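The structure under discussion appears below in the form of structure tokens.
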Amino acid sequence: MSDALNYLVQVRGDALGHYFKFLKDAGKHLDPKTRNLISVITKVHSQTEAGFKQYLMRALREGCTPMEVIDALMMAFPALGLAKVVWATEIILKMDIPEFSPELIAAEPQWRDVMAADDIADGEVLRVESATRTVFVYREGDSYRVYDSHCPHQVTNIPHLALEGMTLTCPKHQWKFDIRTGDCIAKGKHPMKAFETRVADGRLLAWW
């Protein structure tokens, strides 16, 4: 929340509490995806960039696909108008979320080549550029873990320099992750996005 909203909650929480309860109750018969898409649209209507990013990430975490987000924007076009739809789309493009790329947004998930399995040593972590996204790869014996390099908080693309030992720290808000498990161990609560892996013909593949 903004400082102003925090202030109003502090001095008139008795009044605002009724408003927040209304908002919560108003959507209780909607499924989570629909409720989140409506929240995204309201932030586009008010052109609140921070709120739009927050609810966009929440919608994606709770199962909305990028194409559903784009469809929601297009369906709301008569109410929003072209300028606001373009405003929201420009923010999405600046966020650089891989799933919104033209190569992935309409593609079916599939096994994608990441690297030669032997190019990473046991206990090593590498940041690898694939054809459609950047990932962190961790190897433990014959087991491989592959994570999206984007922080689950606000999709900051985390650089390799952010890795210290087995701890990866997002430079934007200092969320920390254990690269061995992908778990968030400080600041935040959402884990890194992990992909299913397999090795075939000496190549490490990941499913996305």
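Where a number appears in this text, it was derived from the coordinates with a stated rule and is not lab data. Since the structure is predicted, the reported quantities are computational estimates derived from the model, not experimental observations. For neighbour counting, all protein chains shown are included, and Cβ atoms are generated from backbone atoms with ideal geometry for every residue, glycine included.
Annotations for the structure displayed:
- Any hit, segment 183-190, residues being over 21 Å from MET57 (Cα atoms), in a loop (DSSP other than H, G, I, E, B) and touching a Phe, Trp or Tyr at 6+ places or on another chain (Cβ under 7 Å): no
- Pick from segment 41-54, criterion under 12 Å from LYS84 (Cβ atoms) and without any contact (Cβ under 8 Å) to a residue 40 or more places away in the chain, ranking: surrounded by the most Cβ atoms within 10 Å (Cβ to Cβ): PHE52
- Some residue of segment 144-151 being touching a strand residue (DSSP E or B) at 6+ places or on another chain (Cβ under 9 Å) and surrounded by fewer than 17 Cβ atoms within 10 Å (Cβ to Cβ): no
- Selection count where residues are under 24 Å from GLY123 (Cβ atoms), of a type outside the set (A, V, I, L, M, F, W, C) and without any contact (Cβ under 8 Å) to a residue 24 or more places away in the chain, scope segment 152-170: 4
- Taking the listed residues GLY63, GLY81, the one that is within 21 Å of PRO191 (Cα to Cα), exposed (fewer than 14 other Cβ atoms within 10 Å of the Cβ) and among the small types (Gly, Ala, Ser) is GLY63, with no other qualifying.
- Here LEU204 meets the list (1) over 27 Å from GLU62 (Cβ atoms); (2) surrounded by fewer than 19 Cβ atoms within 10 Å (Cβ to Cβ); (3) in contact with a strand residue (DSSP E or B) (Cβ under 8 Å, 6 or more places away or on another chain) almost entirely, failing just condition (2).
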